[in-house]
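Inspection log for the structure reproduced underneath, given as structure tokens.
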Amino acid sequence: RLSQSVLQGFTCAGANETEAERFQELAKVMKKKEVKLGGDQLSCLVKLVTLHGIPKDLDSYPKELLLFLSPADYAGTGSCLQFFANIGEANLDVLPRESSRREELLLEALACLKIPGTQVTEEKAEILGHLVCDLGGEYIRSSGGNLLKHLSQCDSFLPDQEEAIRSVISSGNTTFGPPEAWSAFTLNELSGLIPAFDHSILRKVPRDALTLWLKTFAHSSPLSREQLARVAEELLPTRHKRADGCPPEKEITDKVLNDNVMNIYYTPEELHACLKNVSLDNYLPQILTYPFSVPQLAAIKRHLDETYPDGYPARLFPKLGSLISFITPGEISTWNITSADALAGILGNQLTAEQASAAIRRYLDLGNALDATALSAIGTKYLCLLNVTELNRMDPNSLKMVTLNPSACSEPTRDILYAKAKRAFSGQSFPAYYTLIEPYLGIAPAVDLRALSTKNVNMNISTLVNLRRDSLMSLTPAEVQGLLGLNLPDLKLWQYKSPIWQWVQRQKQSELDKLKIGLTGGTQEGYINLAIPRHQLSSSASLGPVAMTLHLLPALLSSFLLVS
């Protein structure tokens, strides 16, 4: 009965309130309703689903759960080929691209598919699916055109992948043929690869094909406006004549404004001249999606400056789009930002920190309140720009109506926000209180963390490792266990990483043993732990000699005392 949006709010904090068997049912419903979960949510959910063993019907669960399992776990459901075919259809982006787990999955997939070298066939690329996006440049070169179809689904490429794609495309030895023979339909098939194309490839594509693709397919392609503008530049005249006025045949009418490739008809000078006496108020959001070049955008900005010499009206703030990069903080600081809605309109654009700061300062200098609406507009993205004085003016109750994460802010900012958040959420019961306070916990004192350790909050390991250092170091193994709950096994994965390694060294080994997850490196009874520089902890392999030295230390000290 729960909606997709409600299920999307799943949190590990409430796991202890529900019977483990119900989580399998919950996960299956999440698949049916196509609920999109983040990495921490999935990591928790997979632990709950497998609490009493691996289910034999893993295909009934969200494919993303498989990212946290192995082919051996899937054996009761199907073969490793089926496992990686499902992985290939999953949303890999729930794992950071550079994460060891993602690298591990790719290596396991290559082993399962028996790909010993760097050449991948089309059939095996089909099974790899989205994992193709993680293959290095050497695989792309060796596989020729076999990977292009799947690479076109990737969100972004690394430099060596881009270079390899250009090399394969330029060779012409693919089913798509050389760029000189491409049609608009070819470009549509390869649209996801266009960000990797350089001028040497684009200039070979027939102009008619480029124009037809821009008119017909570009609006539904995954490319950004900036990427489309780079393609459109290939169609612009190489030399710009100065415009003495608007040529009669280039008069800008409603029909022209509705043409999504109007940019290819005008030089920047002509565009500025032809916009005279044209009102862009109703068309601005629309035309700023067109792939104008930087000089053309500058011409549109100049037209707006001439139309509104005393500053842009508030109705234009949310419509500025790609023009925002031409607007200085000084200009923003003169605008009439007299409401939270006006502030939201400006901050909804892609601003630099300097531009956003100018907008927020102007809003506050005009006597406006830092209420929930303003905080919602500022959001996590610009929250750290607020100074101590401004934060102290904020009503704690405003935090009840917004979702913020101050983890990237300065310590004074986080101190103020944590105190206000505690006050705002104090009336909530668990687990709701923990869900609300969790983004603010990075600055929490040890006493608050100890209190949380008794509440079954199932803290994510990512939250634990980002706690205030002195607070974390003062926690006992039992308290850390109380905080992590179901996520305790993740602590082992961090054993040799900072700050967990430093925390481990401060604990008695006998207390660590009680956690039953195999943590080592704590202090033995009568032993001494020496501090080891962090750069020596890049792998557990280097710890053997150190451990041996520490093990012998008590005997060496005894011998020294006897000789003395």
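Mean separation of Cα pairs under 8 Å and 6+ residues apart, divided by the residue count of the chain: what relative contact order is that in percent?
Working: 676 pairs, mean separation 38.1, N = 564.
So the answer I get is 7 percent.
Please give the charge dipole size of the chain, origin at the Cα centre, charges +1 on K and R Cβ atoms and -1 on D and E Cβ atoms. Round to the nearest 20 debye.
Working: 54 positive and 60 negative charges, 184 e Å.
It works out to roughly 880 debye.
Can you work out ³J(HN,Hα) from phi for every residue in region 140-150, in order, using Karplus 6.51 cos²θ - 1.76 cosθ + 1.60 and θ = phi - 60°, giving whole Hz and x for Gly and Pro?
3J(HN,Hα) across region 140-150, in whole Hz: 5, 5, 5, 8, x, x, 4, 9, 4, 4, 7.
Among the lysines, which have Cα under 21 Å from the Cα of Lys255 when same-chain residues fewer than 8 positions away are ignored?
Those lysines meeting the cut-off are Lys215, Lys276, Lys319.
Using only alpha-carbon positions, what ratio does the radius of gyration of the chain give when scaled by 2.2 N^0.38 Å? Could you put the intermediate results ahead of the total?
Details: Rg = 29.4 Å, N = 564, 2.2 N^0.38 = 24.4 Å.
Dividing the Cα Rg of the chain by 2.2 N^0.38 Å gives 1.20.
So what are the ³J(HN,Hα) numbers for region 180-193, from phi and the Karplus equation (6.51, -1.76, 1.60; θ = phi - 60°), rounded to whole Hz, Gly and Pro as x?
4, 9, 6, 10, 4, 6, 4, 4, 5, 5, 9, 4, x, 8
Just report the Cα centroid separation between region 473-489 and region 100-130, whole Å.
Between the Cα centre of region 473-489 and that of region 100-130, the gap is 37 Å.
Just to check I understand the Karplus step: with θ = phi - 60° and J = 6.51 cos²θ - 1.76 cosθ + 1.60, what whole-Hz values come out for region 283-299, glycine and proline as x?
9, 4, x, 6, 6, 6, 8, 6, x, 5, 6, 4, x, 5, 4, 4, 5
Return the long-range amide H neighbours of Lys508 (sequence gap of 5 or more, or a different chain), with a cut-off of under 5 Å between placed amide H atoms.
Thr523
Say the dipole of the chain comes from +1 at the beta carbon of Lys and Arg and -1 at that of Asp and Glu; which of Val29, Leu235, Leu271 then lies farthest toward its positive end?
Of Val29, Leu235, Leu271, it is Val29.
First compute the accessible area of region 441-520 with a 1.4 Å probe, then give the percent of it belonging to carbon and sulfur atoms.
Carbon with sulfur: 54 percent of the solvent-accessible area.
Between region 186-208 and region 323-368, what's the alpha-carbon centroid distance in Å?
38 Å
Name the residues whose placed amide hydrogens come within less than 5 Å of the amide hydrogen of Phe197, ignoring near sequence neighbours (fewer than 5 apart) on the same chain.
So Phe197 has HN proximity to no qualifying residue.
So what's the angle, to the nearest 10 degrees on a 0 to 90 scale, between helix 80-89 and the longest Cα principal axis of the chain?
The two axes meet at around 50 degrees.
Projected onto the charge dipole of the chain (+1 at Lys/Arg Cβ, -1 at Asp/Glu Cβ, origin at the Cα centre), which of Ser453, Asn349, Val402 gives the Cα projection farthest towards the positive end?
The residue sitting most towards the positive pole is Ser453.
Would you calculate a helix-derived [θ] at 222 nm for the chain, using -39,500 (n - 2.57) for each DSSP H run of n ≥ 4 and dividing by the full residue count, to the nearest 500? Show your work: numbers first, answer last.
Numbers: 33 runs with 266 residues, N = 564.
Value at 222 nm, helices only, nearest 500: -12500 deg cm²/dmol.
Please name which of Thr118, Val6, Leu135 has its Cα lying farthest along the dipole of region 1-149 towards the positive end, using unit charges on Cβ (Lys, Arg +1; Asp, Glu -1) and the Cα centre as origin.
Comparing the listed Cα positions along the dipole, Val6 ranks first.
Sorted by average packing, counted as other Cβ atoms within 10 angstrom per residue and highest first, what order do 158-165, 128-135, 69-76 take?
Working: 158-165: 17.2, 128-135: 21.8, 69-76: 15.8.
Per-residue Cβ counts within 10 Å, averaged per peptide and sorted highest first, yield 128-135, 158-165, 69-76.
Tell me which residues come under 5 Å, amide H to amide H, from Phe217 once H is placed; ignore anything under 5 positions away on its chain.
Correct list: empty.
Among residues other than Asn405 whose Cβ falls under 15 Å from its Cβ, what is the net charge (Lys/Arg +1, Asp/Glu -1)? Please report the intermediate quantities before stating the final value.
On the way: positive: Lys381, Arg414, Lys420; negative: Asp40, Glu438.
Residues near Asn405 contribute +1 overall.
Would you mind getting the accessible area per residue of the chain, heavy atoms of the protein chains only, 1.4 Å probe, in Å²?
On the way: 28140 Å² over 564 residues.
The answer is 50 Å² per residue.
Å³ per residue of the Cα convex hull, for region 248-303? Can you show the working numbers first?
Working: hull volume 4.3 nm³, N = 56.
Value for region 248-303: 77 Å³ per residue.
For Lys33, go through the lysines and keep the ones whose alpha-carbon is under 28 Å away, minus same-chain ones fewer than eight residues off.
Partners found: Lys47, Lys56, Lys63.
The values are calculated or read from the model by the stated rules, or taken from the named source; none is laboratory data. Everything numeric here is computed off the predicted structure, so don't read it as measured data. Because the Cβ atoms are built from the backbone with ideal geometry, glycine has one as well, and the counts that use them run over all protein chains shown. Please note that ligands, DNA and RNA were not included when accessible areas were found on the heavy atoms of the full protein model with its side chains. Shrake-Rupley method; radii C 1.70, N 1.55, O 1.52, S 1.80 Å.
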